[in-house]
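Visitor: Would you mind keeping the following structure in view while I ask a few things?
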Amino acid sequence: VKYKLIQRRDMSKGALEDAKLYYAQAVSTGYMTFDELCDEISEACALTSADIKAVMDRMNHVLDKNLKAGRIVQFGEIGNFRMTVGSSGSATIEDFNADTMLRKPKITFSPGSFLQNTRTLAKFERLTIKENQTEEPTEP
């Protein structure tokens, strides 16, 4: 995992107002397009890139339908997708107003064991960014 150091305001309890600390921020080293993803998957199986795209398109619709229905969707060894929600608090149950207190729901991904292992085995490499170098790769 490549990272760079970014100076930001110190958010620690009791920190001075103008105090700053350096924090690690992951740096992407490239971008894989959807077409490239489908092509790479098709090279490792008997399906064409178009077949892969069709399956992925259908998966998007199935995820959407089931997440809206409140279900957790298991995506094989990749992991699970589920809808999560947060809100501001109220002093009593009667004071809770869903229209004004609920925040926009999030879709949460929980990686499966294969991807968890990827995280466990991660090695870190600090990058130094030169002044004339762009900080992150641009997307196509």
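Visitor: Number of Lys pairs in the stretch 1-117 with C-alpha atoms less than 18 angstrom apart, excluding same-chain neighbours closer than eight positions?
Guide: Close lysine pairs under the 18 Å cut-off: 5.
Visitor: Residue farthest toward the positive end of the dipole of the chain, with Cβ of Lys/Arg at +1 and Asp/Glu at -1: which of Ile72, Leu16, Ile6?
Guide: Of the listed residues, the answer is Leu16.
Visitor: What share of Cα pairs, in percent, lie more than 20 angstrom apart in the chain?
Guide: Above the 20 Å cut-off, the chain has 73 percent of its Cα pairs.
Visitor: Leaving out ligands, DNA and RNA, and with a 1.4 Å probe, what % of the accessible surface on the chain is carbon or sulfur? Mind dumping the intermediate values first?
Guide: On the way: 6230 of 11760 Å².
Roughly 53 percent, rounded to a whole number.
Visitor: Express the accessible area of the chain per residue in Å², computed with a 1.4 Å probe while the remaining protein chains stay in the model.
Guide: 84
Visitor: Calculate, for Asp95 and Ile72, the FRET efficiency according to 1/(1 + (r/R0)^6) with r their C-beta to C-beta distance and R0 30 Å; round to the nearest 0.05.
Guide: Working from the Cβ atoms, E equals 0.50.
Visitor: Hey, what did the stretch 1-129 get for relative contact order, percent, Cα under 8 Å, at least 6 apart?
Guide: Across the stretch 1-129, relative contact order equals 24 percent.
Visitor: Let me have the 222 nm mean residue ellipticity of the chain computed from DSSP H runs of 4+ only, each contributing -39500 (n - 2.57), with the sum over all residues rounded to the nearest 500.
Guide: Rounded to the nearest 500, the figure is -9000 deg cm²/dmol.
The values are calculated or read from the model by the stated rules, or taken from the named source; none is laboratory data. In this text the structure is predicted, and so the values were computed from the model without any measurement. With ideal geometry, Cβ positions are generated from the backbone for all residues, glycine too; neighbour counts draw on all protein chains shown. To get the accessible areas, we keep the full protein, side chains included, count just its heavy atoms, and leave off ligands, DNA and RNA. Shrake-Rupley method; radii C 1.70, N 1.55, O 1.52, S 1.80 Å.
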